[in-house]
Structure formats: structure tokens, C-alpha cells
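**Q** Mind looking over this structure? Questions follow.
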Amino acid sequence: MGMLATWSDFDFATPDDPTPLAKAFAAKTAGRWFWLDQPRCQSRVIVKTAEGTLGFDFAPFRADDLHTDLRLRDFTVNAIALSLHGGTLIDPLGGQGDLEKSILRICSPEVVDDDPLRILRGVRQAAAFGLTLEGLTQKAMRAALPSLSRVASERIRHELAQIFAGTPVEPGLRLMMEIGLVGSLFGEAIGTAGFETVLQQVVRLEEVQLQLSQQPEFCSATIDACVDDGFSGKALLTLAALLGFDASGSCDSPVASALPMSRKNRSIIDSLLSLHRGEGIPALSENSGARGRALWAEALGPCPQLALVFLIALGGRFAPDINSACQVIRDYSTLACDGRVPDLVEGRWFSDQLGLPPGPLLGKLLKQ
């Protein structure tokens, strides 16, 4: 398996049901087999090696033969096959030539209409691999934008999470803007004059996160542990910047408004949008002690690390500097338990020490 270390995902296509082959492969490699789409006989084997985790997908041809199957795929660079008998390259649509020219081209005009999610997939792949969208491909994507509303919102969320996690994220956002995706997903206002303003903020967020990632308090794993739904911390910050263009935190697009979010991510987004609007941000006193700094961090929302990245990028009088932010997170991490800084005293202490019964007075004392 060592020679496979440069790849992590493999797709196998066979004329007939490949399930017996997939199960035999899993047994031979000590991998884990499971269904991807049972009615379509598509399954996956996950194999863990010393180099990392490898994924092997098995599926039958979608047509009578391999050449026709490849023509039904999304982009020419993804319509290249390699025969396991002799290693012959099978490339009916010239995908290898497009790769050499760094071009992303649809296999046919119908593929985007068949699945409009390929608009987002195309943006993601072009941005990730430095490819240029071919002219007719861009035209087909623009024409299919209205059809995005019939794509399952979970699939749109998945692609956006990957685009927004790109490093850097700017190429993906500019491609989205060029083909009209920004306006379709997040509203026409941001899709016109507001785009450059939002892009500057996203770039600033990226710069701040890069600065803070060099500090042990702000490691990516710690931030990403806060989020859900396949989003990275960076992706969630980008989404908040796009939604925050409208001061209300909403947009006039039914597609973006309907994006399903976990309760955890929705809570984080809401807290970031509150910071964007300048609502409820307490002042951090230079004389605050460790507990005061920890309580200040807690007040920023369910993920103080992300909130601090957002605040610093926004600037303004409430934004701490990098050193202060690190101290705040150190104190919060030390004192917080399950995302909350415990109270100094509890109601039981007042009852035991002062003989106070439960009631309004006890509540006022605890609040004070």
C-alpha cells in the first residue's frame, strides 16, 4: 500500500455489480466496507495505513460501456480512467489535455442541468487545483443557477463548507462571483457593489486566523472542535462574513436562508452576527483579572476563539490585540468547564451559611 500514499481516494468502475469485489477487497486489506447507495450498488471501503486513511469507492457503469459512462460524468478531468490490465489510459473527452492546460470543462452541456450542484463542485475544484473555467462551462453554469433551488440544501451546505475552507479562500469566492453564485446564494446586494467589501473582510479574517494559528491557544484543532456539519472554523467565519453584509444577518435568497445548520453552528453564527452589528460587546478592562477576562470571553458566544478572530478582523474599540486575545483564551481555557465559567458561589452556599430559603432574594444575591 505504500506506493498509494500520494493519493487518498480511488474510484473503481466495473461493468456489473462490484459489491462482491468490494467486500473481497475489504477482507484482503483489513478495511471497513459499507454502502454508499445500495439501490445503485455503490459502496466504499476505508483502509487505514501508516501513511493515513485511504478510501476506495466501487460502482457499476452508468451506461452500457465505460466510454459512455465517462461521458456522463461532470468534468473532462474527472472522466479519465485507467485500466487495471496494462495501465492503459482511457480518456474519451480529452481530460488529460485539459489538465495540462489547467482548464475545467464540462463533459456535455446537459451535465449541469442534470445536477445543478455541479456548479458548486466546479467552483470548488477549479479553486482547489488552480483551474480556469472554460467559457462554455461558465455559460452553462450561469444558465443553470435558477435550478439550484431544486438541489437538496444539505448538498449545497457540504460544497460551501469545502469552498469556504480553501486556502486561500479568495479564488473560490471570486469564481462564485464571476458566475453569479454569490448573488444567487446570498442576495443581489452582495452580488454587486457589496462583494469587494465582504471579500476584504474575508481576507482580513484569513490573515488574523493565520496570525493566531501560530499561538498554541488558537490551534486549528481547538477551533474546529467548536463547529459541526463538516464546517471548519475558517469556513464558518467566511459564512458569517457573507451573511453579515446585511446588518440584519439575513439575505434575500431563499437558497441561503434554507441552508440547514446544526444547533451548534447556528448558535455560533448568531453570536458572530451580533458582534458584526456591535451588539452586546462588553468592554475588556486593562485591569481585569483572570476571572474577568474569562467571563468576558464567555460573553462573546459559544466559541470564544472564533469570536476573537472575528472581533480582531472587524477592528474597532472592542477588538483586543493578539497578545491580549491569547491571554483571554488562556484564562478562559483554565477556568471554564463545559463552555461556562462556574459561579463563585451557589445557592446552596447562601442556604447553608445564611439560612436563606429559595426565593426572589436568593436569586438577586446570586446575580449580584
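**Q** I'd like the carbon and sulfur percentage of the solvent accessible area for the range 232-368, probe radius 1.4 Å, heavy atoms only, ligands and nucleic acids excluded.
**A** Accessible surface attributable to carbon and sulfur in the range 232-368 totals 52 percent.
**Q** I've got another one for you. For the range 263-322, divide the Cα radius of gyration by the Kirkwood radius and give the resulting Rg/Rh value with two decimals.
**A** Radius of gyration relative to Kirkwood radius: 0.95.
**Q** Under 15 Å Cα to Cα from Lys101, which aspartates and glutamates show up? Leave out anything in the same chain fewer than 8 places away.
**A** Within the straight-line limit of under 15 Å, Lys101 reaches these aspartates and glutamates: Glu134.
**Q** At a Cα cut-off below 14 Å, give the aspartates and glutamates reachable from Lys48, other chains included and same-chain residues fewer than 8 away excluded.
**A** Qualifying aspartates and glutamates at Cα under 14 Å: Asp9.
**Q** Per residue, how much accessible area does the range 43-86 have with a 1.4 Å probe, in Å²?
**A** 53
**Q** According to the Kirkwood expression over distinct Cα-Cα pairs, how big is the hydrodynamic radius of the range 22-83, in Å?
**A** After inverting the pairwise mean of 1/r, the radius is 13.1 Å.
**Q** Would you please give the FRET efficiency between Glu286 and Gln211, computed as 1/(1 + (r/R0)^6) with r the Cβ-Cβ distance and R0 = 30 Å, to the nearest 0.05?
**A** Calculated transfer efficiency: 0.90.
**Q** Taking the Cβ of Leu199 as the center, what net charge do the other residues with Cβ under 9 Å away carry, scoring Lys and Arg +1 and Asp and Glu -1?
**A** Overall, the nearby charge balance is -1.
**Q** Oh, and also: Dividing the Cα radius of gyration by the Kirkwood radius, what Rg/Rh value follows for the range 306-361?
**A** 1.25
**Q** Let me ask something additional. With axes computed from alpha carbons, what is the tilt in degrees of helix 118-129 against the longest principal axis of the chain, rounded to the nearest 10 within 0 to 90?
**A** Once rounded, the angle reads 80 degrees.
**Q** Something else: Post the alpha-carbon centroid distance, the range 50-72 to the range 262-307, in whole angstrom.
**A** With the range 50-72 and the range 262-307 each reduced to a Cα centre, they are spaced 46 Å.
**Q** Can you compute the helix-only [θ] at 222 nm over the chain? Use -39500 (n - 2.57) per DSSP H run of at least 4 residues, normalise by all residues, nearest 500 deg cm²/dmol.
**A** -14000 deg cm²/dmol
**Q** Quick one: what does P(r) look like for the range 101-225 with 5 Å bins over all Cα pairs, in whole %?
**A** Bin by bin from 0 Å, the calculated values are 2, 11, 19, 21, 20, 13, 8, 5, 2, 1.
**Q** Per 5 Å bin, what is the whole-percent P(r) computed from every C-alpha pair distance within the range 87-149?
**A** Going from the shortest bin to the longest, the percentages are 4, 19, 25, 24, 16, 7, 3, 1, 0.
**Q** On to the next question. Can you compute log10 of I(q)/I(0) for the range 71-113 with the Debye formula, treating each Cα as one identical point scatterer, at q = 0.20, 0.30, 0.34 Å⁻¹?
**A** -0.59, -1.00, -1.13
**Q** From the gyration tensor of the Cα coordinates in the chain, what semi-axes in whole Å does the equivalent ellipsoid have, largest first, with each one equal to sqrt(5λ)?
**A** 47, 26, 19
**Q** Right, something else. Please give, to one decimal in nm, the separation of the simple spin-label points placed at Arg317 and Phe10, each 7 Å out from Cα toward the Cβ.
**A** 6.2
The values are calculated or read from the model by the stated rules, or taken from the named source; none is laboratory data. These numbers were taken from a predicted model, which means no experiment stands behind them. So basically every Cβ, Gly included, is an ideal-geometry build from the backbone, and we count neighbours across all protein chains shown. When the accessible area is computed, the model is the full protein with side chains, heavy atoms only, and any ligands, DNA or RNA have been set aside. Shrake-Rupley method; radii C 1.70, N 1.55, O 1.52, S 1.80 Å.
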